[in-house]
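A.B. asks: To start, I am sharing the structure in question, which I have written as structure tokens.
The values are calculated or read from the model by the stated rules, or taken from the named source; none is laboratory data. Note that this is a predicted model, so its numbers are computed, not measured. Please note: Cβ atoms are built from the backbone with ideal geometry, for glycine as well, and neighbour counts cover all protein chains shown. Areas reflect the complete protein model, heavy atoms only, side chains present, ligands, DNA and RNA absent. Shrake-Rupley method; radii C 1.70, N 1.55, O 1.52, S 1.80 Å.
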Amino acid sequence: MDYIGSKARIVDWVFQHVRYHLVDLGISAEGAWFLDGCSGTGAVGVRAAELGFSVLACDQMEYAYHVARGKLCLPVGRCGEAAEHISAMNSLPPLDGPFTRLYSPGGEAGRMYLTEENAGRLDSC
């Protein structure tokens, strides 16, 4: 998802500079802590974790916190289990419910946050 302020497009550039300074200071990412203050949905924190950092991420917006937590806290050993649950939810027949009515283009509010198909899947879940 693209959000205003997302750092997903510049994360490679950010970590080129982080790596430069780590080398200059003689620090390894393995075992080091990375603070992702104002983390949003966690694009920078996720990359830091991929590089071996332990990550402390925080954001004042509760929605962003939950998205970042989901990205950063799922143990790798449970990714297969998560994929099974996602597959099961994606195979549910769409229903007409509050997500469809309030957050899809065909709903009574006419919003375009979700496609009608995805809104219907959320209503099924």
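A.B. asks: If I go through the stretch 65-105 residue by residue, how many of them are over 19 Å from Glu50 (Cβ atoms), aliphatic (A, V, I, L, M) and touching a Ser or Thr at 6+ places or on another chain (Cβ under 8 Å)?
C.D. replies: In the first step, residues of the stretch 65-105 are kept if they are over 19 Å from Glu50 (Cβ atoms); the result is 65-66, 81, 84-105.
Filter again for aliphatic (A, V, I, L, M), leaving 86, 88-89, 92, 95, 102.
After this cut, where a residue has to be touching a Ser or Thr at 6+ places or on another chain (Cβ under 8 Å) as well, the list is 89, 92, 95.
Residues that pass the stated criteria total 3.
A.B. asks: Here are some conditions: (1) open to solvent by less than 70 Å² (accessible area, probe 1.4 Å); (2) not in a helix (DSSP H, G or I). Leu72 meets all but one. Which one does it not meet?
C.D. replies: Tallying (1) open to solvent by less than 70 Å² (accessible area, probe 1.4 Å); (2) not in a helix (DSSP H, G or I), Leu72 fails exactly one: (2).
A.B. asks: Okay, next question. Mind listing whichever residues of the stretch 17-43 are surrounded by fewer than 11 Cβ atoms within 10 Å (Cβ to Cβ) and part of a helix (DSSP H, G or I)?
C.D. replies: Scanning the stretch 17-43 gives His17, Tyr20, His21, Val23, Asp24, Leu25.
A.B. asks: Continuing with the same structure: If you take the residues in the stretch 75-101 that are over 28 Å from Ser39 (Cβ atoms) and touching a Lys or Arg at 6+ places or on another chain (Cβ under 7 Å), which one is surrounded by the fewest Cβ atoms within 10 Å (Cβ to Cβ)?
C.D. replies: The selected residue is Leu92.
Okay, residues lined up against (1) under 20 Å from the mean Cα position of the chain (by Cα); (2) at negative phi; (3) of a type outside the set (A, V, I, L, M, F, W, C):
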| residue | (1), (2), (3) |
| --- | --- |
| Ala82 | yes, yes, no |
| Ala88 | no, yes, no |
| Ser91 | no, yes, yes |
| Leu95 | no, yes, no |
| Pro98 | no, yes, yes |
| Leu102 | no, yes, no |
| Pro105 | no, yes, yes |
| Ala109 | no, yes, no |
| Glu116 | no, yes, yes |
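A.B. asks: Cβ contacts < 6 Å: first residue among the hydrophobic types (A, V, I, L, M, F, W, C), restricted to the stretch 103-125; second residue in a helix (DSSP H, G or I), any location; separation 6+ or different chain. Result?
C.D. replies: Within 6 Å, the pairs are Ala109/Leu102; Leu114/Tyr103; Ala119/Phe99; Ala119/Thr100; Ala119/Tyr103; Leu122/Phe99; Cys125/Met89.
A.B. asks: If you go through the stretch 77-94 one residue at a time, do you hit one that is in contact with a helix residue (DSSP H, G or I) (Cβ under 6 Å, 6 or more places away or on another chain), at pLDDT 90 or above and over 22 Å from Arg9 (Cα atoms)?
C.D. replies: Restricting attention to the stretch 77-94, the residues satisfying the condition of being in contact with a helix residue (DSSP H, G or I) (Cβ under 6 Å, 6 or more places away or on another chain) are 92, 94.
Retained after the next criterion (residues that are at pLDDT 90 or above): 92, 94.
Now restrict to residues that are over 22 Å from Arg9 (Cα atoms): 92, 94.
Checking the stretch 77-94: at least one residue is in contact with a helix residue (DSSP H, G or I) (Cβ under 6 Å, 6 or more places away or on another chain), at pLDDT 90 or above and over 22 Å from Arg9 (Cα atoms).
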